[in-house]
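S.K.: I'd like to ask some things about the structure below.
The values are calculated or read from the model by the stated rules, or taken from the named source; none is laboratory data. This one's a predicted model, so the numbers in the text were calculated from it and none came from an experiment. Counting neighbours? That spans all protein chains shown, and the Cβs are built from the backbone with ideal geometry, glycine included. Side chains included, ligands, DNA and RNA excluded: accessible areas come from the protein's heavy atoms. Shrake-Rupley method; radii C 1.70, N 1.55, O 1.52, S 1.80 Å.
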Amino acid sequence: MTEPTLNYVHCPGAAASRQGTSGEGDGGHRMAYWEWNATGDPAHPHVVVCVHGLTRQGRDFDVLARRLARHARVVCPDVAGRGHSDWLLDAAHYQIPVYAADMLALLAQLHAQAPIGTLDWVGTSMGGLIGMALCGQPDLPLPAPVRRLVLNDVGPALEWPALQRIGQYVGRVVEFPSADAAVEGLRAVSTGFGPHTDEAWRALSEPLLRPQPDGSVRLHYDPAIAENFRHLTPDSARAGDAQLWQLYDAIRAQTLVLRGADSDLLLPSTAQAMAQRGPRARVVEWPGVGHAPTLVAAEQADVVEQFLFGSGQGAAQAQEARP
């Protein structure tokens, strides 16, 4: 399979908004996910789940998923409020515990379709926090324990200046006069992603756009995802860090931390601490990149493929970060 299939899972709990994709006002919500599989076995027992960042969606992983799909079923969800998933009726439900519960529903559906024997997780930013929530609570009903965990530019300490920076744009500008304007506007607020060719940047951006009848475009996500984010304070952020460290220290999966060397969200001191406690992660840094590596460049995708499957072409531009 060279292109993914779009699928849906019903997630109990938080109700869907009538402005969402399903039109349901109650009874939970529907989460979309993209599945890739080039193994030749539609019931392949190895599943890799790739989860995106705050304002992104599952097609962010197209380049990586095409590579990983040679080895496993690769599943890339659109987290609630993004992409093709329902928007939620109550903005207060846009938070990690709800997202983690949705992933349990997704994994249960995948396991019912074809038993999961091996489970890996790749999470960028918010997707990494969801992965920590699942891996750091050993009593959760996962169909299989997460074997290998990739945390892409995120850790148990989220820097307050970075959270403030992100809060300045999330949900504030969601409409553009044209697709070209949207692509350039997204590029302007995503400099931390590092250098990309025009073609690669457009491929990352176009799945985020929804054409409107008047020729304008709007971004794919519910602006209400910003509400909880804007209620953060330095004190509440520090309290959240303490909870995240508890989760991290309980992780038993083999863990890889990817860090943009210029990241303002994941500092070198945090990455070093992650290498020394909990699962004692291996840390790889990417020069010339901030928050967050897109895993589009061949050398970035190669590091992930090597970590998960022991294959790939090497990664000359990566730097192993030593604690």
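Results for (1) free of Cβ contacts under 8 Å to residues at least 24 places away in the same chain; (2) part of a helix (DSSP H, G or I); (3) in contact with a Ser or Thr (Cβ under 9 Å, 6 or more places away or on another chain), shown as yes or no for each residue.
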residue: Ala200; (1), (2), (3): no, yes, yes
residue: Glu227; (1), (2), (3): no, yes, no
residue: Leu247; (1), (2), (3): no, yes, no
residue: Asp264; (1), (2), (3): no, no, no
residue: Gly278; (1), (2), (3): no, no, yes
residue: Gln300; (1), (2), (3): no, yes, yes
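S.K.: Could you identify the single residue in Leu119, Leu163, Leu142 that is more than 24 Å from Leu265 (Cα to Cα) and open to solvent by 10 Å² or more (accessible area, probe 1.4 Å)?
M.R.: Going through Leu119, Leu163, Leu142 in turn, the sole match is Leu142.
S.K.: Within region 13-32, is there a residue that is at pLDDT 95 or above, within 27 Å of Ile166 (Cα to Cα), under 13 Å from the mean Cα position of the chain (by Cα) and buried (at least 23 other Cβ atoms within 10 Å of the Cβ)?
M.R.: Taking every residue of region 13-32 in turn, none turns out to be at pLDDT 95 or above, within 27 Å of Ile166 (Cα to Cα), under 13 Å from the mean Cα position of the chain (by Cα) and buried (at least 23 other Cβ atoms within 10 Å of the Cβ).
S.K.: Take region 225-252 and flag every residue that is of a type in the set (S, T, N, Q) and under 20 Å from Arg282 (Cα atoms).
M.R.: Within region 225-252, just Gln246 meets the criteria.
S.K.: Kindly indicate which of Arg218, Arg187, Arg230 is of a type outside the set (A, V, I, L, M), closer than 16 Å to Tyr169 by Cα and surrounded by fewer than 15 Cβ atoms within 10 Å (Cβ to Cβ).
M.R.: Selected residue: Arg230, the only one of Arg218, Arg187, Arg230 that is of a type outside the set (A, V, I, L, M), closer than 16 Å to Tyr169 by Cα and surrounded by fewer than 15 Cβ atoms within 10 Å (Cβ to Cβ).
S.K.: Now for a different question. If I filter region 145-160 down to residues being charged (D, E, K, R) and open to solvent by 10 Å² or more (accessible area, probe 1.4 Å), which single residue comes out as nearest to Ser269 (Cα to Cα)?
M.R.: So the residue we want is Glu159.
S.K.: When you go through Ala105, Ala43, Ala65, Ala38 one by one, which is the residue that is among the hydrophobic types (A, V, I, L, M, F, W, C), part of a helix (DSSP H, G or I) and open to solvent by 10 Å² or more (accessible area, probe 1.4 Å)?
M.R.: Answer to the selection: Ala105.
S.K.: Of the conditions (1) under 26 Å from Ala203 (Cα atoms); (2) at pLDDT below 95; (3) touching a Phe, Trp or Tyr at 6+ places or on another chain (Cβ under 6 Å), Cys76 clears all except one; give me its number.
M.R.: (2)
S.K.: Continuing with the same structure: Restricting the search to region 262-295, which residues are aliphatic (A, V, I, L, M) and either open to solvent by 30 Å² or more (accessible area, probe 1.4 Å) or touching a strand residue (DSSP E or B) at 6+ places or on another chain (Cβ under 6 Å) (or both)?
M.R.: Leu266, Leu267, Ala271, Met274, Ala275, Ala281, Val283, Val284, Val289, Ala292
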